[in-house]
Structure formats: structure tokens, C-alpha cells
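> This is the structure, below, for whatever I ask next.
The values are calculated or read from the model by the stated rules, or taken from the named source; none is laboratory data. A quick note: this is a predicted structure, and the numbers were derived from the prediction, not measured. Reconstructed Cβ throughout: ideal geometry from the backbone, glycine too, with neighbour counts over all protein chains shown. The area values use the complete protein model at the heavy-atom level, side chains included, leaving out ligands, DNA and RNA. Shrake-Rupley method; radii C 1.70, N 1.55, O 1.52, S 1.80 Å.
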Amino acid sequence: MGEVVALENQYRPAKPVYFDKRELRHLMNVYSRRVSAGEWRDYAIDSQRDQAVFSIFRHTSEAPLYRVAKTGRKGRSAAEYSVSEGPRLLKRGPNISDVLTVIERRLELVT
């Protein structure tokens, strides 16, 4: 006959992906600056099995302006971050602070 294999050792469910404290601090710093400028009004955090998503809204009833996603890599401890505007991917990378630069507002010199 065949070999008996314990299924619990074969099919381990993926660990859920969450934003940690450091990542949330970066997200909230960018978000709070844009809220104080009156550009953004609401956000939502969604955690799924394979990714965590921070959605940014101009108005609560609209679709999100931006989505910042953290995706866990299979077999690796490092995560990958991405920023998208609707269906368009703006930036992707291994560091959240580098990825968030695409939606940070730069200060301009007013003369």
C-alpha cells in the first residue's frame, strides 16, 4: 500500500499579512499631512491572507484614490509594498518609506 502522511504537515495555511507599528507610523504620517491640507478625508485598512491594504479616500462614498498594499512573499521573510492609483500601479519595492514617496506631497518654494 501507500505511505500515511499527516495532512496538517503538508498544507499549512499562509500566515495573515498585517501592517506593523513602524509601517503604520509611515502611513499615518503621510496621511495626516494630506488630511491637514484638506486633500484626503478617510482611510480603510483591510487585512487578507496574502496582503494588507491601506486605502485612502478623498470622500468616504467614493472609490479609493490610492491603495498601499503589503504583500507577503512565499518562502521569504521580507514583504513587498506597492502603491496603486485605481488600476494603475505607481510604485513597487521592498521598503515602505521609498514606496510612499510617490504619494507624498513635496514642499514648493513660493515667491
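> I'd like the full set of residues that are open to solvent by less than 70 Å² (accessible area, probe 1.4 Å) and over 11 Å from the mean Cα position of the chain (by Cα), limited to the range 30-44. Steps first, answer last, please.
Within the range 30-44, the first condition is being open to solvent by less than 70 Å² (accessible area, probe 1.4 Å), and the residues that meet it are 30-32, 34-35, 37-40, 42, 44.
Of everything in the range 30-44, those that are open to solvent by less than 70 Å² (accessible area, probe 1.4 Å) and over 11 Å from the mean Cα position of the chain (by Cα) turn out to be Val30, Tyr31, Ser32, Arg34, Val35, Ala37, Gly38, Glu39, Trp40, Asp42.
> Would you pick out the residues in the range 17-29 that are open to solvent by less than 50 Å² (accessible area, probe 1.4 Å) and part of a helix (DSSP H, G or I)? Break it down into steps so the answer makes sense when it comes.
Step one: filter the range 17-29 for residues open to solvent by less than 50 Å² (accessible area, probe 1.4 Å), giving 17, 19, 23, 27.
Once the filter is applied, which keeps residues that are open to solvent by less than 50 Å² (accessible area, probe 1.4 Å) and part of a helix (DSSP H, G or I), the range 17-29 yields Glu23, Leu27.
> From the list Lys21, Lys15, Lys74, pick out the single residue that is among the basic types (Lys, Arg) and modelled with pLDDT of 95 or more.
Numbers: Lys15 fails: modelled with pLDDT of 95 or more; Lys74 fails: modelled with pLDDT of 95 or more.
Selected residue: Lys21, the only one of Lys21, Lys15, Lys74 that is among the basic types (Lys, Arg) and modelled with pLDDT of 95 or more.
> Given the conditions (1) on the phi > 0 side of the Ramachandran plot; (2) modelled with pLDDT of 90 or more, report the number of the one that Phe54 does not fulfil.
Here Phe54 meets the rest and fails (1).
> What single numbered condition from (1) at pLDDT 95 or above; (2) open to solvent by 70 Å² or more (accessible area, probe 1.4 Å) fails to hold for Glu8?
Of the numbered conditions (1) at pLDDT 95 or above; (2) open to solvent by 70 Å² or more (accessible area, probe 1.4 Å), the odd one out for Glu8 is (1).
> Confirm whether Ser82 is within 19 Å of Val17 (Cα to Cα), small (Gly, Ala, Ser), touching a residue at least 12 places away in the same chain (Cβ under 8 Å) and surrounded by fewer than 17 Cβ atoms within 10 Å (Cβ to Cβ). Working first, answer last.
Details: within 19 Å of Val17 (Cα to Cα): yes; small (Gly, Ala, Ser): yes; touching a residue at least 12 places away in the same chain (Cβ under 8 Å): yes; surrounded by fewer than 17 Cβ atoms within 10 Å (Cβ to Cβ): no.
Against the criterion (within 19 Å of Val17 (Cα to Cα), small (Gly, Ala, Ser), touching a residue at least 12 places away in the same chain (Cβ under 8 Å) and surrounded by fewer than 17 Cβ atoms within 10 Å (Cβ to Cβ)), Ser82 does not qualify.
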